[in-house]
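All remarks here apply to the structure that follows.
Nothing in this text is a laboratory measurement; each read-out follows from the coordinates by a stated rule. None of the values given here were measured: they were computed from a predicted structure. Cβ: placed from backbone, ideal geometry, glycine included. Neighbour counts: every protein chain shown.
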Amino acid sequence: MTNPAPSILPGLGFRQRFPLLALILERFVLSLVLLIAVSVLIFGGLEALPGDFATTYLGQSATPQAVANIRQDLGLDRPVTTRYVEWLGNAVQGDFGTSWASKNSVSEQIGKRLGNSLFLAGFAAVISVPLAIGLGMLSVHFRNRMPDKIINVISLAAISLPEFFIGYLLILFFAVKFGMATFPATVYDSMGFVERLKAIALPTATLVLVVLAHMMRMTRAAILSVMSSAYMETAELKGLSAFRSIVKHAAPNALAPIINVVALNLAYLVVGVVVVEVVFVYPGMGQYMVDAVTVRDMPVVQACGLIFAAVYIFLNMTADILAIIANPRLRHPR
């Protein structure tokens, strides 16, 4: 009796025994590889930009020796690969170096501003996600009728307008003309929770309007796709009301695409908040990054870019994992 031939794929047995865990680990490894690749692009892209911080810092009248001394002090005279490996190693440990412009710790400055950005994005998500899912279900319930048409027209208009335009409109009407909201959206450590909410009212409204329409339309499309299934016709034949069929049967079976679009929009709320923060002069990561770009403060720009990329990749990985868990066909692929 001959022994069975060894498996060509060493991980095949593990994948067969634990398909869900194998898929999750695969997504995690891919996300890690993607983040490393993005870090190379961020570091290499900034290195390839024309100009030099030393020249910008000292001015056009600086002597070549003075520029060389600044470059040596900042370590810019060392090979690019050496600086990248050192920067990535320190970044993994939470050390993003020292700001060239302010001489302050980049990690400490990011810690304060990242909290502000997450607070703004989180509050916008708390409002927009349930509202988008609710409006999507309502639109399906009244499909091809007046409420559905009104919701679709308003959402299409919101998608068509860029966030900076929406922000300036809100400032014009609610801050300048009516005086109902504060501008600029300034927050500080000693502010109470209610005061913070009042300060971020306009930027939150801008973000909600930007992401709400996309999430609502995708939720509507996902539920309508499920509504054409045979089991939905069976549920209606059993006497279930249309809205109860949507809530009890259609929405749970449309979770995978809804989770994906929600996660993508949550990633946008964190990464795409740059424009909104600049418009409302909000002290978050986006404003910090824009200020650093103007003075070519590369450690700050690199740190902000890496954190934005990490958040975006993490949320997309989370969406993939949740979609796998929510979909039996993905949990048990053939």
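Taking amide hydrogens as placed 1.01 Å from N in the peptide plane, the amide H of T98 sits under 5 Å from those of V106, each at least 5 positions away in sequence or on another chain. Stretched out fully, how many nm does the piece from V293 to M180 gain, at 0.36 nm a residue minus the Cα gap? Net length gain for the segment: 37.4 nm. Placing pseudo-labels 7 Å out from each Cα toward the beta carbon at L41 and S105 gives an inter-label distance of 3.1 nm. Extents of region 107-223, largest first, come to 50, 34, 23 Å (Cα atoms, principal axes, whole angstrom). As a calculated quantity, the FRET efficiency between L34 and V153 at R0 = 30 Å, using C-beta atoms, amounts to about 0.20. Extents of region 78-122, taken as max minus min of Cα coordinates on every principal axis and listed largest first, are 40, 22, 14 Å. Extension gain for the segment T98 to V80, taken as residue separation times 0.36 nm less the Cα-Cα distance, is 4.7 nm to one decimal.
Couplings 3J(HN,Hα) of region 25-30, computed from phi: 5, 5, 5, 5, 5, 4 Hz, in residue order, whole Hz [Karplus 6.51 cos²θ - 1.76 cosθ + 1.60, θ = phi - 60°; x for Gly and Pro]. Each Lys or Arg adds one and each Asp or Glu takes one away; over the other residues whose Cβ falls under 15 Å from the Cβ of D189, this sums to +1.
In sequence order, region 283-297 has phi-based couplings of x, x, 5, x, 5, 4, 5, 5, 4, 6, 5, 5, 10, 6, 7 Hz under the Karplus curve 6.51 cos²θ - 1.76 cosθ + 1.60, θ = phi - 60°, and Gly or Pro positions carry x. Near R113: Cβ cut-off under 15 Å, other residues only, Lys/Arg at +1 and Asp/Glu at -1. The net charge is -3. At full extension, L169 and K112 could sit 17.6 nm farther apart than now, given 0.36 nm per residue minus the alpha carbon distance. Sequentially through region 190-195, phi angles give Karplus couplings (6.51, -1.76, 1.60; θ = phi - 60°) of 7, 6, x, 5, 5, 5 Hz, Gly and Pro residues having no value and appearing as x.
Taking label points 7 Å from Cα along the Cα-to-Cβ direction, I325 and L49 give a separation of 3.9 nm.
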